[in-house]
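Beneath this line is the structure, given in structure tokens, with notes to follow.
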Amino acid sequence: MSNIVELRDVVKTYHLGEGIKVEALRGVNLKVERGELVSIQGPSGSGKTTLLNMMGGLDKPTSGKIVIDGRDITPLGEKRLARFRREKIGFIFQFFNLVPLLTALENVELPMLFSGKLSDKEIRERASDLLRLVGLEKRMHHKPTQLSGGEQQRVAIARALANEPAIILGDEPTGNIDRATGRKIIRLIKDLNETLEQTFIIVTHDLAVAKASKRMLFMADGKVYATPPKTALTVPIQVLMEERRQLLLAELGWLKSSLLALKERKEEINPNIFSQAFSTYKARVEKIRKLLRDYATLQGGKGDEA
Amino acid sequence: MPRTLAVAFKIAYRSITRRKFRSALTTLGVVIGISTIVSLMTVAYGMRTQVKNTLNEMLGAGIIISSRTGGVDIPEYVKDIILNVSGVKDAVPVVTTMINVGDRPVLTIGINPEDATRLYRVSLEEGRLLRQGEKDSVIFGATTAATLGIGVNDTVTLSAQQGVVGKKFRVVGLLRAIGTGELNIGCFLTLDAAQELVNRKGYVSNILVVLEDPNLGESLEETFREMFEDANIVRQEEIMRQIDRVMSVINGVLLALGSVSLAVGALGILNTVMMSVHERRREIGMLKAVGAERWHVLFLFLSEALIISIIGGIIGCGLGLAGVYLIQWLVSIMGLNLTVPLLVAPEVLIGAFLMAITIGLFAGLYPSWKAANVPPVEALRYE
């Protein structure tokens with residue numbers, strides 16, 4: 001029972017209205033032990049953010065069960081979820097998400113103020129300690145706008161640590177900072193994981209983050225895999241095919257109008273040149289039609305207007 | 001809990017000061033509304049107090065006993081009976097009637113000069129007061145005299161509507177004021193002269209009763225009612241109450257006018273907080289992600305509305321009082337013979353301030369409620 005996170009058959013379906021459904025998670029099973037540093041990679045739209053939302057108690061699954069630190073959070077109401085979040089979860093965001101109106105110190109104090117378990121003095125001391133821990137003792141009274149991206153992310157990490165959470169969830173924590181600074185952030189996360197045995201689950205595109213993690217997971221089409229799944233690339237290829245198809249359709253349109261123009265001016269043009277141009281155009285049209293038919297069968301019989 | 005409120009207030013305050021121009025405009029909306037209300041209400045309050053004071057001094061009596069017919073038919077000796085009633089300090093018989101001066105009807109009061117000076121503080125514009133027993137002299141209120149074109153030492157012809165016609169009187173004085181009120185209308189005779197003019201010697205139309213203690217008013221009114229079944233007994237408080245009723249209608253109209261501008265201010269607050277909520281959706285989501293509950297968020301945005309309305313309320317009250325000077329100045333350049341008193345009424349200021357806060361709360365409630373319902377997943381949405 002050292003599992004700090006346990007997801008069982010978690011499904012999340014979004015209804016976008018007019019009968020359109022998006023299956024963001026299609027039965028996720030996942031166990032994370034205390035003290036792990038887990039990275040999750042996967043293409044856009046594979047359900048990474050939805051998974052974070054589920055584990056962080058920001059959103060509720062359509063079905064399945066989520067147990068965090070021994071507690072089933074699936075049936076919790078809004079108020080209890082808010083309490084759960086501030087006691088058990090720390091968040092690190094791609095865009096840092098600090099309160100722009102508060103200083104670094106005040107931002108770190110915020111979760112402790114919400115939970116209201118410490119005195120003012122204790123809160124202030126802990127917030128300064130945490131900022132010292134992430135190496136920002138000299139920037140405590142700066143507002144987020146006066147801090148660099150890396151510094152802001154450090155403040156966010158200090159804030160995530162404030163209430164000694166069971167897990168810290170990271171959403172592309174290096175996604176919006178330069179590589180060198182990103183390395184330092186990764187170093188900090190690794191240190192915190194090793195010295196404090198702080199559990200991290202981080203969604204990322206950054207290979208450096210993935211390499212630093214103790215366990216790599218992969219997501220594709222709403223499922224979690226332990227190895228990079230072959231299907232992981234289906235989405236981009238489909239996207240590429242679709243782009244190509246659109247280009248071909250555009251070319252086809254142009255050819256058709258050119259052919260029309262050519263026919264109209266048949267009398268004025270040298271018959272040899274006319275027949276040469278006509279057959280060239282015609283051949284290209286045939287070629288495009290064939291390509292479009294091929295794409296249609298590859299994409300699963302999508303209708304073809306060509 | 002109070003600490004989270006303090007933080008919410010701090011964030012709200014900084015949010016307001018960060019967008020200085022927008023906040024200033026919004027506050028201006030509240031300021032205009034509140035200052036309009038404060039100006040109008042202060043002027044109304046001053047007028048009402050002035051009218052009340054004037055009347056108090058004019059009447060000077062706690063209870064007025066009048067003839068039910070409105071004529072001059074109360075025997076004068078009733079005064080002595082009343083004087084014997086315990087709790088009565090003074091009783092003054094008067095004749096109040098309409099008398100034609102030449103051919104113009106003028107409200108005329110017959111009162112013994114001694115009684116008049118004992119009851120009221122009288123100041124003259126010109127000439128002298130009447131003397132006891134003087135039967136061929138008259139004084140006029142300065143305004144009436146001006147309207148009629150009469151001066152001191154002129155001779156006027158007075159005719160009762162029922163009684164003597166065409167008796168000549170000499171004008172001996174012009175009245176500026178009774179008490180602090182600007183009572184300078186009407187025509188004044190000695191009681192005897194008035195009685196002779198209306199042909200009712202030994203009778204009066206009213207007896208003004210002065211009480212030893214204003215609290216006795218109600219019980220003495222009852223006593224008089226039993227003693228003089230045929231008379232009208234009116235307590236001065238009643239008259240005041242009626243005037244109050246008229247005044248509160250005027251007040252209501254002014255308040256409604258002011259409220260329209262305050263409603264515009266409320267819309268301003270609504271708009272500003274709505275924009276603030278819209279711009280800060282991600283921040284709200286993030287606050288919820290780090291553990292803020294709905295009421296934390298609700299209070300955060302409500303504070304914004306509240307701070308604006310408090311500042312607007314305070315400035316509005318100040319400007320409103322300044323506005324009274326503006327009204328005074330306007331009245332004076334328009335040449336109106338009207339004094340607008342500046343009386344600072346705490347209840348007007350407190351009322352207007354509370355109104356500002358209430359408006360702020362109501363205008364802020366809807367957008368704050370919307371903010372409280374922003375889902376926490378907004379924190380992870382990046383578009």
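The values are calculated or read from the model by the stated rules, or taken from the named source; none is laboratory data. Keep in mind it's a predicted model, so treat the numbers as computed, not measured. Heads up, the Cβs are rebuilt from the backbone with ideal geometry, glycines too, and the neighbour counts pull from every protein chain shown. For accessibility, only protein heavy atoms count, side chains too; no ligands or nucleic acids. Shrake-Rupley method; radii C 1.70, N 1.55, O 1.52, S 1.80 Å.
Remarks
- Estimated FRET transfer efficiency (B:Glu279, A:Leu291; beta-carbon r; R0 41 Å; 0.05): 0.30
- Positive minus negative residues near B:Val297 (Lys, Arg vs Asp, Glu; Cβ under 14 Å): +4
- Probe 1.4 Å, accessible area per residue of region A:3-299, Å²: 50
- Table column - 3J(HN,Hα) (Hz), region A:121-129, Karplus curve with 6.51, -1.76, 1.60, x for Gly and Pro: 5, 4, 4, 4, 5, 5, 4, 5, 4
- Working note: Karplus 6.51/-1.76/1.60 with θ = phi - 60° gives region A:133-148 the couplings 4, 8, x, 10, 4, 8, 10, 4, 9, 8, 7, x, 5, 9, 10, 6 Hz, where Gly and Pro are set to x.
- Residue of A:Thr227, A:Thr50, A:Thr103 that the Gaussian network model of chain A assigns the largest fluctuation, springs spanning Cα pairs under 10 Å: A:Thr227
- Against the rule of thumb 2.2 N^0.38 Å, how large the Cα Rg of chain B comes out: 1.49
- Over 32 Å (Cα to Cα) - which of A:Lys266/A:Lys290; B:Lys89/B:Lys201; A:Lys143/A:Lys223 fall in this group: A:Lys143/A:Lys223
- Between the residues B:Ile81, A:Ser148, A:Ala283, the greatest Cα displacement towards the positive end of the dipole of the protein assembly as shown, with unit charges on the Cβ of Lys, Arg, Asp and Glu, is found for A:Ala283.
- GNM flexibility winner over chain B from B:Ser86, B:Ser67, B:Ser159 (Cα, springs under 10 Å): B:Ser86
- Dipole in debye (nearest 20) - region B:279-368, about Cα centre, beta carbon charges: Lys, Arg +1; Asp, Glu -1: 300
- Given their separation in residues at 0.36 nm each and the Cα-Cα distance between them, A:Lys79 and A:Lys190 gain 36.7 nm when the chain is fully extended.
- Selected from A:Arg126, A:Arg245, A:Arg83 as most flexible by GNM, with chain A as the system and alpha-carbon contacts under 10 Å: A:Arg245
- Spin-label pair B:Leu267/B:Arg225, simplified geometry with 7 Å Cα→Cβ offset, distance in nm: 5.2
- Pairs spanning more than 28 Å between alpha-carbon atoms, out of A:Lys12/A:Lys88; B:Lys52/B:Lys167; A:Lys60/B:Lys370: B:Lys52/B:Lys167.
- Amide proton proximity set for A:Ile168, modelled H, under 5 Å, gap of 5+: A:Gly90, A:Thr199, A:Phe200, A:Ile201
- Kyte-Doolittle mean at least -0.5, axial Cα span of 18 Å or more - DSSP H helices of chain B: B:2-18, B:20-59, B:236-279, B:294-333, B:346-372
- Neighbour count of at most 15 Cβ within 10 Å plus DSSP loop: longest chymotrypsin sites (Phe, Trp or Tyr not before Pro)-free window in chain B: B:78-381
- For the segment A:81-89, counting C-beta atoms of other chains within 10 Å of every residue's C-beta and taking the mean gives 4.
- To the nearest 10, the accessible area of B:Glu76 is 60 Å² with a 1.4 Å probe.
- Spin-label model, B:Arg294/B:Lys10: points 7 Å from Cα along the beta carbon direction are separated by 2.7 nm.
- About its Cα centre, the dipole of region A:93-200 is roughly 320 debye, where the only charges are +1 on Lys and Arg Cβ and -1 on Asp and Glu Cβ.
- Surrounding net charge for B:Arg3, when Lys and Arg each add one and Asp and Glu each subtract one, Cβ distance under 10 Å: -2
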